[in-house]
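Novice: For reference, the structure I am asking about is given below.
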């Protein structure tokens with residue numbers, strides 16, 4: 001099971017980070033970034049198979065492909081924004097973290113504009 | 001995925017810290033700072049490739065082009 005691998009990696013890195021955090025915080029930040037990348041890279045095969053199944057289900061149910069792709073993009077933006085902002089919070093840069101989060105929210109709203117417009121058009125066409 | 005790079009970074013961090021302390025105690029603050037900077041640059045060069053890999057993977061999985 002990969003979960004044991006990931007938990008053990010996390011524990012080892014936690015021990016190393018407690019040593020490094022006091023003496024050289026700049027390398028501790030890079031180490032935690034690397035660990036985050038490695039954990040995500042371990043999870044990629046499972047994640048891609050899950051998304052493959054979701055894609056097949058969306059095609060079978062006849063939903064417009066644009067909506068599924070937009071949802072996927074929003075999930076991706078949310079993940080990468082969270083990754084960056086948590087890294088900034090770890091390095092005691094809270095203001096930069098909140099700016100990254102603001103940019104992520106704006107990007108999500110920008111991507112969801114077509115869906116909002118489609119929803120509004122549906123509502124308008126239903127109204128007498 | 002090999003996790004050797006974690007131990008490499010930890011070792012670089014510990015070595016840089018030790019060198020930093022030695023240089024500061026022998027009264028060479030400037031060289032201590034240069035050692036810290038060199039350590040950061042080396043670690044960043046090692047990690048840069050992985051960051052690019054991560055971003056490419058996220059782009060392909062979530063179809064963010």
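The values are calculated or read from the model by the stated rules, or taken from the named source; none is laboratory data. Everything quoted here is computed from the prediction, not taken from an experiment. Every residue, glycine as well, gets a Cβ built from its backbone with ideal geometry; the counts of neighbours run over all protein chains shown.
Novice: For residue B:63, are the conditions met, namely being within 10 Å of chain A (Cβ to nearest Cβ) and over 14 Å from residue A:30 (Cα atoms)?
Specialist: yes
Novice: Here's something else I'd like to know. Conditions first: (1) part of a helix (DSSP H, G or I); (2) over 30 Å from residue B:12 (Cβ atoms). Residue A:62 passes all but one, so which condition is the exception?
Specialist: The number of the failed condition is (1).
Novice: If you scan the range A:8-45, which residues turn out to be touching a residue at least 12 places away in the same chain (Cβ under 8 Å), closer than 21 Å to residue B:54 by Cα and more than 8 Å from chain B (Cβ to nearest Cβ)?
Specialist: If the condition is that a residue be touching a residue at least 12 places away in the same chain (Cβ under 8 Å), closer than 21 Å to residue B:54 by Cα and more than 8 Å from chain B (Cβ to nearest Cβ), then A:10, A:29, A:32, A:36, A:39, A:43 are the ones that fit.
Novice: Out of curiosity, is residue B:37 within 18 Å of residue A:20 (Cα to Cα), in contact with a helix residue (DSSP H, G or I) (Cβ under 7 Å, 6 or more places away or on another chain) and surrounded by fewer than 17 Cβ atoms within 10 Å (Cβ to Cβ)?
Specialist: no
Novice: Looking at (1) in a helix (DSSP H, G or I); (2) more than 9 Å from every other protein chain (Cβ to nearest Cβ), can you tell me which one residue B:27 breaks?
Specialist: (1)
Novice: Quick one: how many residues across the range B:41-54 are surrounded by fewer than 13 Cβ atoms within 10 Å (Cβ to Cβ) and within 19 Å of residue A:42 (Cα to Cα)?
Specialist: 3
Novice: Check whether at least one residue in the range A:76-97 is in contact (Cβ under 8 Å) with a residue 24 or more places away in the chain and not in a helix (DSSP H, G or I), and report yes or no.
Specialist: yes
Novice: Going by the conditions given, is residue A:56 assigned to a helix (DSSP H, G or I), modelled with pLDDT of 90 or more and facing another protein chain (nearest Cβ under 10 Å)?
Specialist: For residue A:56, the condition - assigned to a helix (DSSP H, G or I), modelled with pLDDT of 90 or more and facing another protein chain (nearest Cβ under 10 Å) - is not met.
Novice: Working only within the range B:30-60, note down all residues that are more than 22 Å from residue A:83 (Cβ to Cβ), touching a residue at least 24 places away in the same chain (Cβ under 8 Å) and facing chain A (nearest Cβ under 9 Å).
Specialist: If the condition is that a residue be more than 22 Å from residue A:83 (Cβ to Cβ), touching a residue at least 24 places away in the same chain (Cβ under 8 Å) and facing chain A (nearest Cβ under 9 Å), then B:39 is the only one that fits.
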